[in-house]
Amino acid sequence: MLGMRDDTGMLLSICRKRHNTTARAHNPGVNTNTPRRFERQSAIGEQTLGKLFDRLPPHSVEAEMSLLGSMLLDPQVIPDVLPIVSRAEQFYKEAHAAIFSAIIDTYDKHHSGDLVQIVEYLRQRDKLELVGGAEYLVELAEAVPSAINAPHYARIVADRARLRRLIEAAGTILYDAYHCGQEADTAKDVIDQAEMAIFDIAQEEQIGEPERLKELLQQQIELIEQAEGRGISGIATGFDDLDKMLSGLQPGEMIIIAARPSMGKTALALNLAEQVAFGGRTPWSASKGAKPVPVGIFSLEMARGSLAQRLLSARSGIDTHKLRTGALTMDEWQKLSDAAAELYEAPIYIDDTPGMTVLNLRARARRMVAKHGVRCIFVDYLQLLTAPGAARESRQIEVSTISRQIKA
């Protein structure tokens, strides 16, 4: 991490040079007689950016020293520290990173943090002089009066490390943006990689804490009370056998419908979405079901108009070919009108944006939830999503990454 400052400074120099030469020499659309006010604003902007890149990256040497001192003083705090700071790379000083690795490896091997063992560990790897010798380790241990604040120090170290990663990602994004080609696909790749880099940093903060059985039992009792008289605890689908097996669609669950091509996966998903939106009611049992449930559908393959037509066909019982050709009898027109009137009230929201990344999907889903109160989301279909960071390895790894990120 120490080399990041120099790389970022070099990046700024490259970007400035590229910006100046491109704007004045290679871009015929740029007027070289720029008004002085614009030139002054541009110069001020570059000076401000330069000052930002010339600063040291965020860090807290004192917090790093206090954390290491707490771990040396009382190794029993190490299990509390590891969920927050788990990698040596999170330390700003190289010496502190080496000490952290020595403490963790010694604790993992001997279940202790004996100072003699840590010194020997560093000596065997020719790192004892790098960290300042055994005297510096003693100084760290004596610098803190108590190890009780170790998690607090760990959070400071983790936060500074996350900010440094963010600056590094921003520098990479800036460099890639200046050096990408003119093709639309190249620009899209740069944006996707930028989204993935920021997403990975954001995911680091999601640490699950153990929850006491008392709270979990209370949640389950509340779910059972809600299910009383309904027979299911989740969202009704209108398919009685499915509702009996799953007890409805449960919050936080991800269910995958899998089958060979042209077996009716999209048709089943649309039927589920329609009946969930009507609270579990079907066209032949209108009296059943709870209140309507807002549903979101992300269709990465079919256009929203095609989906609406399929919903009309399923609700009215009229063949889609007749709907396309308009060859309907008076009877069928009446059925179509009734079906359209029913679907008009359904809280179904369809997004057919093609080529979405998982990050785009999550952002749009959050918007749906915030704006329309959506409680159930359908994606048709999973393999058409992309995860730029995992796409370089293999399609199997990419699909696995997509599944994990959707569930996250």
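The values are calculated or read from the model by the stated rules, or taken from the named source; none is laboratory data. Every value quoted in this text rests on a predicted model; they were computed, and no experiment measured them. Every residue, glycine among them, receives a Cβ derived from its backbone with ideal geometry; neighbour counts consider all protein chains shown.
Per-residue answers, yes or no, for (1) at pLDDT 85 or above; (2) acidic (Asp, Glu):
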| residue | (1), (2) |
| --- | --- |
| Tyr107 | yes, no |
| His111 | no, no |
| Asp114 | no, yes |
| Ile118 | yes, no |
| Gln124 | yes, no |
| Leu130 | yes, no |
| Tyr136 | yes, no |
| Val144 | yes, no |
| Ala158 | yes, no |
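Here Glu89 does not fit the description of being within 19 Å of Ala134 (Cα to Cα), modelled with pLDDT of 55 or more and in the same structural domain as Tyr178 (by TED's automatic domain parsing).
This table checks each residue for (1) under 17 Å from Met254 (Cα atoms); (2) modelled with pLDDT under 75.
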| residue | (1), (2) |
| --- | --- |
| Ala346 | no, no |
| Asp352 | no, no |
| Arg362 | yes, no |
| Val369 | yes, no |
| Ile377 | yes, no |
| Ala387 | no, yes |
| Arg395 | no, yes |
| Ala408 | yes, yes |
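Here Ala143 meets each of (1) buried (at least 16 other Cβ atoms within 10 Å of the Cβ); (2) touching a helix residue (DSSP H, G or I) at 6+ places or on another chain (Cβ under 6 Å) with one exception, condition (1).
Every condition in (1) surrounded by 13 or more Cβ atoms within 10 Å (Cβ to Cβ); (2) modelled with pLDDT under 80; (3) closer than 18 Å to Ala267 by Cα; (4) not aromatic (Phe, Trp, Tyr) holds for His321 except the one numbered (1).
Okay, residues lined up against (1) surrounded by fewer than 19 Cβ atoms within 10 Å (Cβ to Cβ); (2) of a type in the set (Ser, Thr, Tyr):
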{"site": "Ala63", "(1), (2)": "no, no"}
{"site": "Ser70", "(1), (2)": "no, yes"}
{"site": "Val119", "(1), (2)": "yes, no"}
{"site": "Arg123", "(1), (2)": "yes, no"}
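Which residue out of Leu311, Leu336, Leu328 is touching a helix residue (DSSP H, G or I) at 6+ places or on another chain (Cβ under 8 Å) and either surrounded by fewer than 13 Cβ atoms within 10 Å (Cβ to Cβ) or under 30 Å from Met356 (Cα atoms) (or both)?
Leu311
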